[in-house]
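Here is the structure we will look at.
The values are calculated or read from the model by the stated rules, or taken from the named source; none is laboratory data. If you're wondering where the values come from, they're calculated on a predicted model, not measured in any experiment. No Cβ is skipped: glycine too gets one built from the backbone with ideal geometry, and neighbour counts run over all protein chains shown.
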Amino acid sequence: MNLESISRRDFVVFGGAASLALIAGCTSDSPGGAGSADGSASDTVDPSLRADVVATYRAEPLELDLAGRIVRTAGYSAMVPGDALRATAGDLVEVTVVNALDEATSIHWHGLAIFNSMDGVPGLTQGDIEPDASFTYRFVVPDAGTYWFHPHHGLQLDRGLMAPLIVEDPAEPLAADVEYTLTLDDWLDGTGTTPDAEFAALRHMGGMSMDDMGAMTMASSPLLGGDAGDVQYPYHLINGHPIDDPLTLLPAPRAGQRVRLRIINAGADTAYRFAIGGHRMTVTHTDGFPIEPVVADAILIGMGERYDVTIDIQSGAWPIVALAEGKDLTAGAIIRTADVITSALPELGRPLAEHSGVWLRYSDLRATEAASLELPASSEIREVPLRLTGGMMRYDWGIDGRSYGEHEPIEVAQGEWIRLAIRNDSKMWHPVHLHGHTPQLSSQRFGVRKDTVNMLPGQSVDLIFQADNPGSWMLHCHNAYHLESGMATVVTYTA
Ligand code: C2O
Ligand code: CU
């Protein structure tokens, strides 16, 4: 076998903790070996293999303290966000989800190219995990990077059900003295409303006048090409903390140390413009995959996107501020070096100078050589055109004018190269997410790899990937309310 012909399956076999025996029930490299005729992959990891990482997450009701205001919500094992799951690339991970909610749930491992049967989409890749039931996910994590997980069930991710998933690189090339994970989240659950109530209100807006709608939300941002979001949130959190009770990152870094931040937008309807007072950031990764380092003052992060950055921290107590883009509120945290003993807190409630500095654009991003795809001639890449459709008035977000359930699956053949040519025909921006693959954005050499891509109104993007991971994979908008209204389709492998 030469290097070019190493498929993902082979990688999983060789990259895993064990041996060739890792893959059970898979005898051929053909897609037929991976699934049944309906395209639902049934591959699983050999149950007799011992996992490298074992964890249990209980999806359960809980109370969250928002600067003294207690809200009832749901989360994983008494924490919002859930405790980070950490593994090393190649590890076999075994996570049991215990459902202590009063409704069904699931977990989707956002950004990981794992077996389809472990992707966590009820009705597509598995059944519901019913109340009082549990389900064990077993998969080999293929790639290092910053990922996260959340249910693929209704609007549960707009409650407290989400957590970071950090995959270490066994040969980490990035030198950092200390690292922190920051989970950004828009919050309303339990504050006199719920995600389900908000969704019902959005759905009933059809026929309302613009004036009525203005009372609900008229979030707007030039960076997002107009309408910034559909839902007004009273709180924006970093690692579960509002700005009135901010998190100070611990353990404190020492002045002069190189700090790595892994930033995850776990929000449902909010893009964040992220910056750190007094520092420019060196951006090293997006959506888990490495890029040629690029310096920026601010980063716009859509729902589902991740960025890793480093800073060489100067002595001081510095504000970390994520502007809820177009929504006039902020999320914030503090990073204070160990030599500083002041109790004076930096201001977190307003934009920093850095927010109006140089902000990172997709055109600034280039994959590292190791992360870039070897594209074939463009004639060998099949174009699949798609349009993002729908609007606020009818709340009928969809793909090609259809909502999930009436969608036309995108059929691909194993090994085929695909270019999803997506055009945003709606009047609002959408973060588009593909499961099970990390496509390259644009057909340029060293095009950045991203699993979640912000698309502004009227914009077109190309997402290029090789169909190398059989199964049925969702392609959807990561605005939770748009997804719930049906803005989703499925990429499915034919035999
Ligand atoms: Cu975070 Cu279907 O994804
Ligand atoms: Cu959307």
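Of note:
- Residues of the stretch 373-413 classified as more than 16 Å from ligand 2 (Cβ to nearest atom) and not small (Gly, Ala, Ser), total: 16
- Meets criteria (away from ligand 1 (no atom under 16 Å from the Cβ), buried (at least 19 other Cβ atoms within 10 Å of the Cβ) and in a loop (DSSP other than H, G, I, E, B)) for Leu101: yes
Every residue, every condition in (1) over 21 Å from Asp189 (Cβ atoms); (2) in contact with a strand residue (DSSP E or B) (Cβ under 8 Å, 6 or more places away or on another chain); (3) in a loop (DSSP other than H, G, I, E, B), yes or no:
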| position | (1), (2), (3) |
| --- | --- |
| Ala268 | no, yes, yes |
| Arg273 | yes, yes, no |
| Val283 | yes, yes, no |
| Ile299 | yes, yes, no |
| Tyr307 | yes, yes, no |
| Gln314 | yes, no, yes |
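- Test: residue in the stretch 321-338 that is touching a strand residue (DSSP E or B) at 6+ places or on another chain (Cβ under 6 Å), within 22 Å of Asp451 (Cβ to Cβ) and at pLDDT 95 or above: yes
- When Gly82, Gly120, Gly68 are screened for being under 30 Å from Ile243 (Cα atoms) and surrounded by 19 or more Cβ atoms within 10 Å (Cβ to Cβ), only Gly82 passes.
- The single condition from (1) assigned to a loop (DSSP other than H, G, I, E, B); (2) over 15 Å from the mean Cα position of the chain (by Cα) that Thr136 fails is (1).
- Test set (1) crowded, with 24+ Cβ neighbours inside 10 Å; (2) within 14 Å of ligand 1 (Cβ to nearest atom); (3) of a type outside the set (Ser, Thr, Tyr); (4) over 15 Å from Gly415 (Cα atoms) - Met474 fails condition number: (1)
- Breaking point among (1) surrounded by fewer than 22 Cβ atoms within 10 Å (Cβ to Cβ); (2) in contact with a strand residue (DSSP E or B) (Cβ under 6 Å, 6 or more places away or on another chain); (3) not in a strand (DSSP E or B), for Glu172: (2)
- Some residue of the stretch 457-466 being more than 12 Å from ligand 2 (Cβ to nearest atom), under 27 Å from Pro142 (Cβ atoms) and either in a loop (DSSP other than H, G, I, E, B) or free of Cβ contacts under 8 Å to residues at least 24 places away in the same chain (or both): no
- When the stretch 104-124 is filtered for residues that are aliphatic (A, V, I, L, M), within 11 Å of ligand 1 (Cβ to nearest atom) and closer than 20 Å to Phe465 by Cα, only Leu112 remains.
- Subset tally (residues that are of a type in the set (Asp, Glu) and either surrounded by fewer than 24 Cβ atoms within 10 Å (Cβ to Cβ) or away from ligand 1 (no atom under 13 Å from the Cβ) (or both)) for the stretch 133-161: 1
- Note on the stretch 454-464: among residues that are more than 19 Å from Leu300 (Cα to Cα) and not charged (D, E, K, R), the one that is farthest from ligand 1 (Cβ to nearest atom) is Ile464.
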